[in-house]
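The values are calculated or read from the model by the stated rules, or taken from the named source; none is laboratory data. Quantities reported herein were computed from a predicted structural model and do not represent experimental measurements. Note that we place each Cβ from the backbone using ideal geometry, even for glycine, and neighbour counts take in every protein chain shown. Calculation scope for accessible area: heavy atoms of the full protein, side chains included, ligands and nucleic acids excluded. Shrake-Rupley method; radii C 1.70, N 1.55, O 1.52, S 1.80 Å.
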Amino acid sequence: MGADPEHECCQGADATAVEETIPLSGDASCIAEARHRTAVFLGRVAAADCGTTVSERVLGLAQLVASELVTNACKYAPGPLLLRLRRAEAAVEVEVWDGRPDIPAAEQADPYRVGRHGLEIVKAVAADLTVMPEAAGKRITARIALGSSV
């Protein structure tokens, strides 16, 4: 293992955890940054001595989820936000914190609706999706199985 404990496999209760928290500005440029940082993070996870394989499919799903959640935060909760990426057990978690307390809900599928499909997409590809209110805003976490075949 390397000398940077922030990006190493953790010892203790969850010996398979690797995580990184990334502050984002909340402007439109942070969407591309979220996709890029997700790819870099998963590359680091695959390279770590944790016995983890990250398929191209999982990489693509994680980038899609990151961009959808960050896009929603930029659009509906202007201001700075946090992107937290975490590998725990056999999954990767993509988590976004924003400053708006409103809890979003996916709309019913409607092929004629233009836009507002982001949360539907995330729900369709994630193994689990949770929304938690915070003291200031909310936290949305999508969990993607590393062996995902969605």
Just to be sure I understand, how many residues within the range 67-114 are free of Cβ contacts under 8 Å to residues at least 12 places away in the same chain and either touching an Asp or Glu at 6+ places or on another chain (Cβ under 9 Å) or among the β-branched types (Val, Ile, Thr) (or both)? 4
So which of Thr38, Thr21 ends up being within 15 Å of the chain's Cα centre (by Cα), of a type in the set (Val, Ile, Thr), modelled with pLDDT of 95 or more and part of a helix (DSSP H, G or I)? Thr38
When residues of the range 39-62 are limited to those that are charged (D, E, K, R) and over 13 Å from Gly147 (Cα atoms), the one surrounded by the most Cβ atoms within 10 Å (Cβ to Cβ): Arg44
Condition broken by Val65, with the remaining ones in (1) touching a Phe, Trp or Tyr at 6+ places or on another chain (Cβ under 9 Å); (2) open to solvent by less than 10 Å² (accessible area, probe 1.4 Å); (3) modelled with pLDDT of 95 or more satisfied: (1)
